[in-house]
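Take a look at the structure set out below.
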Amino acid sequence: MRHTISVLVENKFGVLARVAGMISGRGFNIDSLNVAPTHDASLSRITIVLKGDDAALDLCTKQLRKLVNVVEVLEFKDGQTIARELVLVKVRADAKARPEILQIKEIFRARIANLALDTLIIELTGDEDKVSAFLGLLEPFGILEIARTGRLALKK
């Protein structure tokens, strides 16, 4: 089962390493990890998506709360959050394929981040299913590179 955890931490050197080390030390594989400062520059929010059973997750969140510099730990249940991902994808786009790629871009409300003679870099924001569907439709054209943030989430 996939779980999303939000950890509010003091924005200090080494905090991310301690958090990630504690999670991996408990046998969890981190599917995605995002870190950025909040509106308060002294705090950062770490959003972690991991796989594991409920009992192990409970132990993990309790251990996170004990770490120095951890201010708050929230485990998000389904339906409690607004979650989004950002993806930048570089795709082959010769003159023949370009109109179809641009049509797909419009359907998904994506935007062109860079336009070159034979490639496009497209930016898309949405939930995980939307991003995956978009990438699936671009796959036949030839995806050259992908940069994907993983899940960002806030409680409703």
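Values quoted throughout were computed directly from the atomic coordinates according to the rules given, and no laboratory measurement underlies them. Being a predicted model, the structure only gives us computed values, none of them experimental. Please note: Cβ atoms are built from the backbone with ideal geometry, for glycine as well, and neighbour counts cover all protein chains shown.
So, ILE112, is that one hydrophobic (A, V, I, L, M, F, W, C) and more than 24 Å from THR47 (Cα to Cα) or not?
Against the criterion (hydrophobic (A, V, I, L, M, F, W, C) and more than 24 Å from THR47 (Cα to Cα)), ILE112 qualifies.
For the stretch 84-107, what are the residues that are under 23 Å from ASP40 (Cα atoms) and crowded, with 18+ Cβ neighbours inside 10 Å?
Selection gives GLU85 alone.
How many of the residues in the stretch 108-138 are assigned to a helix (DSSP H, G or I) and surrounded by 11 or more Cβ atoms within 10 Å (Cβ to Cβ)?
Total satisfying the criteria: 9.
I'd like the full set of residues that are free of Cβ contacts under 8 Å to residues at least 12 places away in the same chain and closer than 28 Å to VAL7 by Cβ, limited to the stretch 97-156.
Answer for the stretch 97-156, where residues must be free of Cβ contacts under 8 Å to residues at least 12 places away in the same chain and closer than 28 Å to VAL7 by Cβ: ASP129, SER132.
Surrounded by fewer than 12 Cβ atoms within 10 Å (Cβ to Cβ), closer than 24 Å to SER132 by Cβ and without any contact (Cβ under 8 Å) to a residue 24 or more places away in the chain - does that describe any residue in the stretch 61-73?
no
Looking at the stretch 7-23, is at least one residue surrounded by 12 or more Cβ atoms within 10 Å (Cβ to Cβ), out of contact with any Pro (no Cβ under 8 Å at 6 or more places or on another chain) and among the polar types (S, T, N, Q)?
No, the stretch 7-23 contains no residue that is surrounded by 12 or more Cβ atoms within 10 Å (Cβ to Cβ), out of contact with any Pro (no Cβ under 8 Å at 6 or more places or on another chain) and among the polar types (S, T, N, Q).
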